[in-house]
Amino acid sequence: MARSLAVADRVISRQTSSGTGFYRYGTAVAPEDAGTEDGYGDCFVGDATDCQTDGAPWAGTCPSQNHGSGHLWPVLSGERAEHLVALRQTGAAAALFDEMARTASGVGLIPEQAWEDADLAASPDGTPPECASIGFTNGKAAGSASPLTWSAAQFTRLAAALRAGRITEQPPDTVARYLTHTQLGTTITLTAPADRSVVGATTTVTGSTDPGSTVDVTAINLDADGGSTSATTTAAADGTFSVALAVPPGAASITAVATTPSGATGFTQRTVVRDVPPGTLLFEASDPNGDDYGPGTYAYPTSSNFVAGAYDLQTFQVFDSGPDTVTFRVRTRDLTPTFGSPLGAQLVDVYVANPGGGPASTAASFPQRNYAIDGGSAWNRLIEVQGFGQRFIDASGATVGSVQISANDITRFITFSVSKAALGGTPASGWGFTVVLTGQDGFSPDQARGFTPQAQEFQFGVCTAAAEAAGNPICAVNPSLVPKALDVLTPAGVDQVNELNPIGHDPATNPVTIAGVKIP
């Protein structure tokens, strides 16, 4: 930690007229660009952010809604000062205390954030309030909570520590274990279950440690309620141990802790998944591996963020998951978390056709998708899921409900649930589903990643180099007109390559049409 301070100062600290401040997060870029773009703070357009109006509140209906720059947090100056008090550098700590006080909007009113950029005048009268800047001064309070409870509490703690010349608030058990005494350590290894494996309701945890050690094993759910199970055993004379452990449904972290007879401790961890179907299976369909190329020519973007198999649809399932909910699952060949989300690369559309569900449509989710739904699969509801958004609409485009979404990169299932009432009932014989998998892109009007003739870093290619060299006529199609569909679930007798072939199709007058599958 001590060696990391130089990095912290370079990346997250910033000088203002009030003194030194610290960001919650930082970007390791040139000093003049250093900052944090966590979206939680009044807009400063000069930062590497997509907010559009200087000083606009980070939340509102202004174009910068929920997008901001993020600014300095005085509470962090107080934490850094306590570290200096512990080092007996009270002069430097007192300087940070004074600098915290200077950020206040009143006596002792320490704010959540302080403005580190150039002074910004208040917006003129008449500016819509959701876009209006209240005006900011370098080193003073930004448009955030002031006082913020934990900033004020940190300010008070630091005052007490400076008066006493020592840290006055420390958890006694932690101090006793790690400072007053030297904690003894031991080692423990696991041989089963394998890390990132799928297990059943009970798994056998095996491994080795010091003979006679007590081994406590827990499994904690990582998906939902944090439910946990535990088991205890004693290592044999040769140090080996084996214990049966119940595993909560979903992803779970297994932690094994060994405590020797002399009190030394050690631990190790594994992540496993207990894949429990979310209800009664109503319908299941599989899709061939390796057909994640649209009409046979598409290529993934070249950035390493796009992992082979990310757009290869393998399985589609529909479950009756209770009295009020229907759950869908889509499995891909790879579901590596991307762009900070468990399904950050993927965008899944499920067009639901309920024979008795009222008005229907053959339109795609957005016109820019460059395809239509076959008339025999006209939909009443569209469920669209991605790592950074969702849509659940009827044929008129009206929102009918929300979607609960999760994903697991071990099982490779994207799971999403909707209300039965909003869906129009429980899927039954005759219901149809048109499933389309493509790439997510939050900067595109239709939220789908676009195409260029050949793949670029963040754009799909209409053709691979091999397809272009072979003179495939698809390679000559305007990239803005090809269907945005990497893989689709086809009914019996329908070939995806032919179905998605854009030759001879105009999205406006004669679009590519995609047919769905039906519950028998």
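Annotations
- Per residue, the convex hull spanned by the alpha carbons of the range 5-169 comes to 101 Å³.
- For Lys420, the lysines whose Cα comes closer than 20 Å to its Cα, not counting residues fewer than 8 places off in the same chain, are Lys518.
- Mean separation of Cα contacts under 8 Å, 6 or more apart, over the residue count of the chain: relative contact order %: 9 percent
- P(r) weight above 25 Å for the range 199-311, C-alpha pairs, percent: 49 percent
- Highest-first packing order for the peptide set 237-245, 331-339 is 331-339, 237-245, based on the mean count of other beta carbon atoms within 10 Å.
- Estimated translational D of the chain in µm²/s (Stokes, Kirkwood radius over Cα pairs; 20 °C; 1.002 mPa s): 79 µm²/s
- What you get for the range 5-169, charging only the Cβ of Lys and Arg (+1) and of Asp and Glu (-1), is a dipole of about 900 debye around the Cα centre.
- Between Phe458 and Ser105, the contour length at 0.36 nm per residue exceeds the alpha carbon distance by 122.6 nm.
- Between the range 295-321 and the range 438-487, the Cα center-to-center distance that results, in Å: 14 Å
- Burial ranking of peptide ranges 92-100, 164-172, 191-199 (average Cβ count within 10 Å, highest at the top): 92-100, 191-199, 164-172
- Hydrodynamic analysis of the range 146-264 uses the Kirkwood radius over alpha carbon pairs. Inserted into Stokes-Einstein at 10 °C and 1.306 mPa s, it gives a translational diffusion coefficient of 91 µm²/s.
- Reciprocal mean inverse distance between Cα atoms of the range 280-518 - Kirkwood radius, Å: 17.7 Å
- Tail weight of P(r) past 12 Å, computed on alpha-carbon pairs of the range 457-497, percent: 67 percent
- Counting beta carbons within 10 Å around each of Glu499, Glu284, Glu116 and listing the fewest first gives the order Glu284, Glu499, Glu116.
Read-outs: derived from the displayed coordinates by stated rules, not from any lab. Here the structure is a predicted model, which is why all the values come from computation and not from measurement. All Cβ positions, glycine included, derive from the backbone under ideal geometry; neighbour counts span all protein chains shown.
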